[in-house]
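Accompanying notes for the structure given below.
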Amino acid sequence: MGSLKLPDPTMSKQVALLGYPVRHSISPAFQQAAFDFLKLDVRYEPWEVEPARLREAVERLRGLEMLGANVTIPHKETVLPLLDSLDPLAERIGAVNTIVNHGGRLSGHNTDAEGMVTALRREGGFDPSGKAALLLGAGGVARAAGFALLGAGVASLGILNRTLERAEALAVSLREKAAGAIPVTALPWQRDSLLQALQAADLLVNCTSVGMKHGPDQGRSPLPARVLRPGSLVYDLVYNPARTPLLEEAQRAGARGLGGLPMLVYQGAAAFELWTGEKAPLPVMMQAARKALP
Ligand code: NAP
């Protein structure tokens, strides 16, 4: 990887965060801490971009001063046709969370998948290879998590979602990736299938937004302690609050818990490396992220 090359050393650079809304994001706090720590003259700026103005915002990313962007809800999927190229993983997942500006040409990447599994291994001490995994949810982050877990060699993958059709659609694309080697099953969110799947799972990954601060289901857990398997790992991708209602239930059930903050930082670190070519200062980013969570 080459290091950061500025065509004009007097020109400061920018990275944008495209989302709507973006005001609660903690990415600016830990990305800016990383740029500052490495003394790179780069500003990381949240851009509040309404869906109707996404094209215009993406055009601005082609400017000389722009290194690229992060992309968050609700633009991760709709941004794809506005870019010049996609890396194979982003194309397969169908979602982009990182854009790199190569002198006016924009490439799209997905670092959520890598961040999800790196955090699981390093912070959760869990190697998914050969394990039974269960996803709760079938939205954008569930897609990235599903691809990541298949890539990491899980033995089986179940998908439980409130809207069964969405779980089925995700299972179809994941089965293509699994190519018959790993069973991928969509399950209805009903008592019996839920209990059976949970009791068989070594790893449960919450990919729903239930429990997320500022969201409609703030303060709620998607599942109660009594259905969680003692000794399993409950990985909640919700990162705000750091200690989610589901993690409380996991502790009550005698399960291990891992929150979503490390994934957020690892996906951000991978994005940082794509923009700058520099090694991301992970401890600095992790500390700044923890500090930024209210
Ligand atoms: P999304 O595409 O909108 O998907 C939301 C999912 O949550 C869907 O499966 C939806 O089910 C389910 N859901 C919502 N409300 C529910 C409820 N009351 N009961 C049951 N299921 C419910 O969102 P996303 O982009 O995948 O993000 C999901 C969560 O992951 C967010 O909280 C986000 O902050 C977190 N996330 C974390 C990271 C990280 O780095 N840690 C990265 C990305 C996202 P239906 O299909 O039935 O609507």
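A few points about this structure:
- Rounded to whole Å, sorted largest first: equivalent-ellipsoid semi-axes of the range 145-270, Cα gyration tensor: 23, 18, 15
- Where the chain is the region considered: accessible area per residue in Å², 1.4 Å probe: 45 Å²
- Protein-only accessible surface order, largest first, of Val71, Val141, Val172 at 1.4 Å: Val172, Val141, Val71
- Placing Lys291, Lys131 in order of accessible area, with the largest value first and a 1.4 Å probe, yields Lys291, Lys131.
- The alpha-carbon positions of the range 201-287 define a convex hull whose volume is 110 Å³ per residue.
- The residues packed around Ala271, meaning those with a beta-carbon under 11 Å from its beta-carbon, carry a net charge of -3 if Lys and Arg are +1 and Asp and Glu are -1.
- Direction-averaged projected area, Cα convex hull, the range 46-184: 9.2 nm², rounded to one decimal.
- Placing unit charges on the Cβ atoms only, positive for Lys and Arg and negative for Asp and Glu, gives the range 95-241 a dipole magnitude near 120 debye about its Cα centre.
- For Arg226, neighbours were defined as the other residues whose beta-carbon sits under 12 Å from its Cβ, and their charges (Lys and Arg +1, Asp and Glu -1) total +2.
- Carbon + sulfur, % of accessible area of the range 183-250 - ligands and nucleic acids excluded, 1.4 Å: 51 percent
- For Leu17, nonlocal amide neighbours, meaning residues 5 or more places apart or on other chains whose placed amide H falls under 5 Å from its own, are Glu45, Trp47, Asn70.
- Put simply, the Cα atoms of the range 20-79 extend 36, 28, 15 Å along their principal axes, the longest span coming first.
- Each Lys and Arg Cβ is given +1 and each Asp and Glu Cβ -1; about its Cα centre, the chain then shows a dipole of about 580 debye.
- Of Leu80, His102, Gly140, farthest towards positive along the dipole that unit charges on Lys, Arg, Asp, Glu beta carbons give the range 28-180: Gly140
- Normalised Debye scattering of the range 35-110 at q = 0.19, 0.25, 0.27 Å⁻¹ gives log10 I(q)/I(0) of -0.78, -1.21, -1.34, counting only Cα atoms as equal scatterers and leaving out solvent.
- Estimated at the nearest 10 Å², the accessible area of Arg143 is 60 Å² with a 1.4 Å probe.
- Simple Cβ-charge dipole of the range 164-271, Lys/Arg +1 and Asp/Glu -1, about Cα centre, in debye nearest 20: 220 debye
- Computed on the chain, the Cα convex hull volume stands at 125 Å³ per residue.
- Computed accessible area, Arg229, all protein chains, 1.4 angstrom probe, square angstrom: 70 Å²
- With all protein chains modelled, accessible area of Asp236 [1.4 Å, Å²]: 0 Å²
- Calculated [θ] (222 nm, deg cm²/dmol) that DSSP helices of n ≥ 4 give over the chain, each run adding -39,500 (n - 2.57): -11000 deg cm²/dmol
- Computed from Cα atoms alone, the Kirkwood hydrodynamic radius reported for the range 115-194 is 12.6 Å.
- Each Cα pair under 8 Å and six or more residues apart adds its separation to the average, and for the chain the resulting relative contact order is 18 percent.
The values are calculated or read from the model by the stated rules, or taken from the named source; none is laboratory data. Treat the numbers as computed from the prediction; the structure is a model and nothing was measured. Neighbour counts are summed over all protein chains in view; Cβ atoms, including those assigned to glycine, are modelled from backbone coordinates with ideal geometry. Protein only, heavy atoms only, side chains kept; ligands, DNA and RNA dropped before computing areas. Shrake-Rupley method; radii C 1.70, N 1.55, O 1.52, S 1.80 Å.
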